[in-house]
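Have a look at the structure below before the remarks.
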Amino acid sequence: MSLRLGYGTNGLTDLRLDDALRLLADLGYDGVGLTLDHMHLDPMAPDLTARTRHVRRLLTELGLGVTVETGARYVLDPRRKHGPTLLDPDPDDRAARVRLLVTAVRVAAELGAHAVHCFSGVTPEGTDPDTAWKRLEEAMTPVLAAAQAAGMPLAVEPEPGHLVSDLAGFHQLRERLGDPALLGLTLDIGHCQCLEPAPPADCVRDAGPWLRHVQIEDMRRGVHEHLPFGDGEIDFPPVLRALEETGYQGLTVVELPRHSHAGPELARASMEFLRPKGASA
């Protein structure tokens, strides 16, 4: 089994979405990590259903799979990066993030996506851990209900600096929510290199039963900076072998959100790097 490679649209923000999808198909990618954002299938703009249908037709035409990602920096608040979050003190702010995630579930179902990616957010200053976890549980409940109704897996990403920052945090959330069947994991390979105690390949094996989405890039130990392949410290062949060993069926999506200025070239270079290492598209 070959891994199914994708590329994240958050690394192609200088391209129109249609152009980005055609580029990825031409380069041989199997799919796309589609971040809902103001420039790519804006979840806040009118006529979302009609625009989603157009994207689905194009994905079908190009033979691309899709995972819906929700990490847009300013889609909800033009002044707060990734704000509001599921942990904010104001219930109305938390509700805004919940509405976005519920919308993402609906969009993902209409696109025939493999999963919806999400994250916890950073614990607000002055908020104790117990309160933060309770807010997260409460906020995730309607999102899980929407996912259940749509039959759409949720893939929570442990993000450095967030309440759910690592694999241990993901398992804590899973257990606090009663281990729902549709709650899975987004595993970012770079994050494993950055902060997990085990090597990235071991993280993949340990996470195998819960994998619903995978992001991949290079990174250095202790530095949360998404790097093009070859610029960090990760030994990729063992990681790719471990992914295949898990039987993971979703997309493995290149995640270079700070490199959109060179997105087309990096999409090409990333494919050329990964293909000889056993991740042929």
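Numerical summary
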read-out: Identity of the residue in the range 199-221, acidic (Asp, Glu) and not in a helix (DSSP H, G or I), that ends up farthest from the chain's Cα centre (by Cα); value: Asp218
read-out: Tally of residues being out of contact with any Asp or Glu (no Cβ under 9 Å at 6 or more places or on another chain), in contact (Cβ under 8 Å) with a residue 40 or more places away in the chain and in a loop (DSSP other than H, G, I, E, B) across the range 52-81; value: 1
read-out: Enumeration of residues in the range 26-50 that are open to solvent by 30 Å² or more (accessible area, probe 1.4 Å) and among the small types (Gly, Ala, Ser); value: Ala45, Ala50
read-out: Unmet criterion (only one of (1) open to solvent by 50 Å² or more (accessible area, probe 1.4 Å); (2) touching a Leu at 6+ places or on another chain (Cβ under 8 Å); (3) closer than 18 Å to Met152 by Cα) for Arg53; value: (2)
read-out: Unique match (being hydrophobic (A, V, I, L, M, F, W, C), at pLDDT 95 or above and touching a strand residue (DSSP E or B) at 6+ places or on another chain (Cβ under 7 Å)) among Leu227, Leu266; value: Leu227
read-out: Failed item in (1) open to solvent by 60 Å² or more (accessible area, probe 1.4 Å); (2) part of a helix (DSSP H, G or I), with Pro89 passing the rest; value: (2)
read-out: Residue count for the range 222-243, restricted to those that are under 19 Å from the mean Cα position of the chain (by Cα), of a type outside the set (Phe, Trp, Tyr) and open to solvent by less than 60 Å² (accessible area, probe 1.4 Å); value: 6
read-out: Unique residue being charged (D, E, K, R) and open to solvent by less than 30 Å² (accessible area, probe 1.4 Å) when the list is Glu137, Glu69; value: Glu69
read-out: Glu233 vs. criteria touching a Lys or Arg at 6+ places or on another chain (Cβ under 6 Å) and among the charged types (D, E, K, R); value: yes
read-out: Filter result for the condition that a residue is out of contact with any helix residue (DSSP H, G or I) (no Cβ under 8 Å at 6 or more places or on another chain) and at pLDDT 95 or above, over Val122, Val116; value: Val122
read-out: Residue within the range 136-145 that is of a type in the set (S, T, N, Q) and either within 16 Å of the chain's Cα centre (by Cα) or closer than 30 Å to Pro238 by Cα (or both) present; value: no
read-out: Members of the range 159-175 that are open to solvent by 10 Å² or more (accessible area, probe 1.4 Å) and farther than 20 Å from Val105 by Cβ; value: Pro160, Gly161, His162, Leu163, Ser165, Asp166, Leu167, Ala168, His171, Gln172, Glu175
read-out: In the range 140-151, the residues that are crowded, with 21+ Cβ neighbours inside 10 Å and either touching a strand residue (DSSP E or B) at 6+ places or on another chain (Cβ under 7 Å) or outside any helix (DSSP H, G or I) (or both); value: Val143, Ala147
read-out: Positions within the range 72-86 being open to solvent by less than 40 Å² (accessible area, probe 1.4 Å) and more than 16 Å from Val122 (Cα to Cα), in sequence order; value: Val75
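The values are calculated or read from the model by the stated rules, or taken from the named source; none is laboratory data. A quick note: this is a predicted structure, and the numbers were derived from the prediction, not measured. Ideal geometry is used to build each Cβ from the backbone, glycine not excepted, and the neighbour counts take in all protein chains shown. With ligands, DNA and RNA removed, areas are computed over all heavy atoms of the protein, side chains included. Shrake-Rupley method; radii C 1.70, N 1.55, O 1.52, S 1.80 Å.
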